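Shown next, in structure tokens, is the structure this report addresses.
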Amino acid sequence: MSGKDVRGTAPGTPPVPRPRGEALPLPPAELAAGPSGGDDPTDGMEEAYWSVYDGAAARASLSRIAGRLPRIVRRIGGLAWAADRAATAAVVVLQLGSASMAAFGLMASVTVLHELFAQGPTPDRVRAAVPAILLVVALLSARALLEAGVSLAQARLTPKIRTALEREFLRLTAHVRLEVVDDPDWHDDAYRANDRGLFYARQIVGQVVSLASALLGLVGTAGVLAVLHPLLILLLPLSVVPVGAAAVRATRARFHSFRRWNALQRRVRVFSWLLLDQDAAAELRSDTAQRALLDEHSRLTTLIAREDTRLGTDAALLNLAGRTAGGLGTGVTYTVLGAMLIAGWLPLAAGAGAVLAIQASHGALTRLVDVGHLVYEHAMWVDDLLAFQERCRGLLPRRRELTAPGTVGVITLEDVSYTYPGKETPALDGVSMTLRAGQTVAFVGVNGSGKSTCSRLLAGLYDPDGGAIRWDGVDVGEMDTESVQARVATVLQDPVHFPFSALANVTVSRGTLTRARPREALDAVVASGADEVIAGLPDGWSTLLSKRFRGGRQLSAGQWAKIAVARGIYKDAPLLLLDEPTASMDPRAEHAVYRAVLRGARRPDRITVLISHRLASVVECDTIYVFDDGRITECGTHQELLALGGAYAEMFRLQAAAYRDDGEGAAAAPA
Ligand SMILES: Nc1ncnc2c1ncn2[C@@H]1O[C@H](COP(=O)(O)OP(=O)(O)OP(=O)(O)O)[C@@H](O)[C@H]1O
């Protein structure tokens, strides 16, 4: 189709770039700043789908919590075991030991009381009680030592679990397919998992240990009570269950609240970040936009504060109701105990021992309910984090035995189409082309015509919905995705400004910040013109390229562009994609880059694709593809396309006219 208008437009009737779609209506005079401050301030904000699968807390009852706790403990135990077996075993053994000491201590205390309440003169009774008192002291000391051991083992275990989870979380989020990252729902999930899941993962180990300690303490003291009189055990729940129920209700309310407020919090963070961000600082000031942003930030935080107060008030009232009911329960317990003593069911010494044991059981059971609900709540966030990680595992790029070859002779696109998730019209629609090693090709066309999308498909960042991309006849869809990405170097117009040294900014394209190939690094920076930039830095290659750190340097946009081109060249890939890399460079620098990658240093084993709006820079390309509305409408050499007199010829003349120095300039350009 060389030299032809693939839409069949007759030469001489140039399809001048035109606006697409309906005529745009006037915008409204007033803008909604965001969610309103009505009953539900998240009105109008999309609820993320994560809330659908994670509504368990809102329906939590005591029995449900009790039913789930064993599974949670097993899960956290599994994480702990995987992180550090020795420390996990130590926590379990020492915890069991500490609980036994507590139970024996209580029994010894009952013996002390028994001796003190026995018949006979007081000095004799005290003397008789001394061995039991010494035993109590010894047991309590042993318990303190064992608990210190638990804390030490826990201190070793907790950071390991958190680090392992965080590492895995970042590994997964950094590797999921690119279109996943474009999905706002995924961002909600990732934000929540990062903000809450990782945070609670650190706390939950300690809480599970406290839960186990409370449970073991309860078993011990209940055992002591059973020895004194079995009826006493039945009285216990009276005083603590109401408190626990109130705590569970408060948890449920908190969870509801967070679910509603997650999206809002994220919005607040966006404003805080914009107000803090160094890159936004200059524009913020020149637009005098600080006040508008601060106003919106303050409006949102006021809504959040109001909700926090409502939540706190509800929790306090619930707590009060729970404690009142709990107090009544305790009153009933002691009344029954008194009645048992009066009826002679219990000797006085056993009654005093029972008071001690009831108090200890009461404490243990309250702690159990309290920590149990915390563990239940926090485990949901940890579960949520683990579920998110699991979901990310299903969103990773394709893994295959077959890897992309180190060199490629011909890349073909056969009728390739691609539609972005959530969009109805395709960004690429039936694109075919052949790219040969040693060639430089250009993609040109109006904004939004599909050039970058096509280059992202070539780079293996997206998979086509239809058609195929082949490397020397082999479908890329059969190859391991990351191996394809590793064989393509992409340079973007807005490259990432890595806050690393100048050298690491170049070497990062080969996946390392610490190792360099000196000769190749130098060649790459010379080719891109970054050599002069680096030579002008105080510490040369070692200069940190970020003002955020002491001693760091800030580069200009054009200087960053040169570094980015060097990074692309240094990757030494068989396919080099340059997506408007020179837009911010000065004319001399741009010229030098084109000399390096397009003319002088053209490599026989490399395919170079250049996307550019400056048509003067694509003149020497072997083939120029003209994109329009996701399709290729023309292709050929510069001369062929000029002769065709289509969209390319029109755009070229338009730009050329702007450079004419006869004073007519743009006025001479066709309308
Ligand atoms: N990440 C994305 N998610 C959804 N739609 C996208 C995304 N990126 C691009 N698009 C849409 O796909 C179409 C093609 O965009 P693309 O970036 O490929 O155009 P382009 O020719 O490179 O434009 P430009 O010259 O402005 O860089 C446009 O309608 C654009 O809005």
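Among residues belonging to the range 462-477 that are under 25 Å from His175 (Cβ atoms) and part of a loop (DSSP other than H, G, I, E, B), point out the one that is nearest to the ligand (Cβ to nearest atom).
Checked the range 462-477; the qualifying residue nearest to the ligand (Cβ to nearest atom) is Tyr462.
If Ala404 passes every condition in (1) assigned to a strand (DSSP E or B); (2) not assigned by TED's automatic domain parsing to the domain that holds Cys635 but one, which one does it miss?
Status for Ala404: all satisfied but (1).
Looking at (1) crowded, with 24+ Cβ neighbours inside 10 Å; (2) within 16 Å of the ligand (Cβ to nearest atom), can you tell me which one Ala530 breaks?
Unmet condition: (2).
Between Tyr376, Tyr420, which is farther than 30 Å from Asn447 by Cα and either not β-branched (Val, Ile, Thr) or not in a loop (DSSP other than H, G, I, E, B) (or both)?
Tyr376
Table: residues versus (1) part of a helix (DSSP H, G or I); (2) over 30 Å from Gln119 (Cα atoms); (3) without any contact (Cβ under 8 Å) to a residue 24 or more places away in the chain.
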| position | (1), (2), (3) |
| --- | --- |
| Thr301 | yes, yes, no |
| Ala316 | yes, yes, yes |
| Met340 | yes, no, no |
| Trp345 | no, no, no |
| Ala364 | yes, yes, no |
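Does the range 343-388 hold any residues that are aliphatic (A, V, I, L, M), over 33 Å from the mean Cα position of the chain (by Cα) and crowded, with 22+ Cβ neighbours inside 10 Å, and which are they?
Answer for the range 343-388, where residues must be aliphatic (A, V, I, L, M), over 33 Å from the mean Cα position of the chain (by Cα) and crowded, with 22+ Cβ neighbours inside 10 Å: Ala354, Ala357, Ile358, Ala360, Ala364, Leu365.
Kindly check whether there is at least one residue in the range 189-206 that is more than 10 Å from the chain's Cα centre (by Cα) and within 27 Å of Leu461 (Cβ to Cβ).
Within the range 189-206, none of the residues are more than 10 Å from the chain's Cα centre (by Cα) and within 27 Å of Leu461 (Cβ to Cβ).
Can you name every residue in the range 149-177 that is surrounded by fewer than 21 Cβ atoms within 10 Å (Cβ to Cβ) and within 16 Å of Tyr191 (Cβ to Cβ)?
Of everything in the range 149-177, those that are surrounded by fewer than 21 Cβ atoms within 10 Å (Cβ to Cβ) and within 16 Å of Tyr191 (Cβ to Cβ) turn out to be Glu166, Leu170, Leu172, Thr173, Ala174, Val176.
In the range 534-588, how many are part of a loop (DSSP other than H, G, I, E, B) and either within 16 Å of the ligand (Cβ to nearest atom) or of a type in the set (D, E, K, R) (or both)?
So the first thing to find is which residues in the range 534-588 are part of a loop (DSSP other than H, G, I, E, B), and the list is 536-539, 543, 545-556, 571-574, 580-586.
Narrowing the set further to residues that are either within 16 Å of the ligand (Cβ to nearest atom) or of a type in the set (D, E, K, R) (or both) leaves 539, 547-548, 550, 553, 571-572, 580-584, 586.
Within the range 534-588, residues that are part of a loop (DSSP other than H, G, I, E, B) and either within 16 Å of the ligand (Cβ to nearest atom) or of a type in the set (D, E, K, R) (or both) number 13.
Could you check how many residues of the range 471-481 are crowded, with 17+ Cβ neighbours inside 10 Å and either free of Cβ contacts under 8 Å to residues at least 60 places away in the same chain or within 24 Å of the chain's Cα centre (by Cα) (or both)? I'd like the intermediate steps shown before the answer.
In the first step, residues of the range 471-481 are kept if they are crowded, with 17+ Cβ neighbours inside 10 Å; the result is 471, 476, 479-481.
Next, from what is left, pick out any that are either free of Cβ contacts under 8 Å to residues at least 60 places away in the same chain or within 24 Å of the chain's Cα centre (by Cα) (or both): 481.
Residues in the range 471-481 being crowded, with 17+ Cβ neighbours inside 10 Å and either free of Cβ contacts under 8 Å to residues at least 60 places away in the same chain or within 24 Å of the chain's Cα centre (by Cα) (or both): 1 in total.
Residue under question is Asp480, and the condition is that it be away from the ligand (no atom under 14 Å from the Cβ) and on the phi > 0 side of the Ramachandran plot; does it hold?
Taking the combined requirement at face value, the residue does not satisfy it.
Output the residue which, of all residues in the range 389-437 that are within 16 Å of the ligand (Cβ to nearest atom) and among the small types (Gly, Ala, Ser), is surrounded by the most Cβ atoms within 10 Å (Cβ to Cβ).
The residue in question is Ala427.
Name every residue in the range 159-185 that is touching a Leu at 6+ places or on another chain (Cβ under 9 Å) and over 28 Å from Arg74 (Cα atoms), in order of residue number. Write out each step before concluding.
Looking only at the range 159-185, we keep the residues that are touching a Leu at 6+ places or on another chain (Cβ under 9 Å), and these are 161-162, 164-166, 169, 172, 175-180.
Hits for the range 159-185 are His175, Val176, Arg177, Leu178, Glu179, Val180.
For the range 154-199: of the residues being within 16 Å of the ligand (Cβ to nearest atom), assigned to a helix (DSSP H, G or I) and β-branched (Val, Ile, Thr), which is farthest from Asp480 (Cα to Cα)?
Val181
Filter the range 447-461 for residues that are closer than 18 Å to Gly568 by Cβ and within 6 Å of the ligand (Cβ to nearest atom); which is surrounded by the most Cβ atoms within 10 Å (Cβ to Cβ)?
Residue satisfying both the conditions and the ranking: Lys451.
From the list Thr425, Thr434, Thr440, which residue is out of contact with any strand residue (DSSP E or B) (no Cβ under 8 Å at 6 or more places or on another chain) and of a type in the set (Val, Ile, Thr)?
Criteria check complete, one pass: Thr425.
Any residue at all in the range 369-381 that's in contact (Cβ under 8 Å) with a residue 40 or more places away in the chain and closer than 17 Å to Ala102 by Cβ?
yes
May I ask you to list the residues in the range 101-152 that are of a type in the set (S, T, N, Q) and touching a residue at least 40 places away in the same chain (Cβ under 8 Å)?
Just the residues of the range 101-152 that are of a type in the set (S, T, N, Q), to begin with: 109, 111, 119, 122, 141, 151.
Residue satisfying the conditions is Ser109 alone.
Being among the basic types (Lys, Arg), at pLDDT 90 or above and closer than 27 Å to Arg391 by Cβ narrows it down to one residue among Arg177, Arg156; which is it?
Just one listed residue meets the conditions, Arg177.
The values are calculated or read from the model by the stated rules, or taken from the named source; none is laboratory data. Remember, predicted model here, so these are calculated numbers, not experimental data. So basically every Cβ, Gly included, is an ideal-geometry build from the backbone, and we count neighbours across all protein chains shown.
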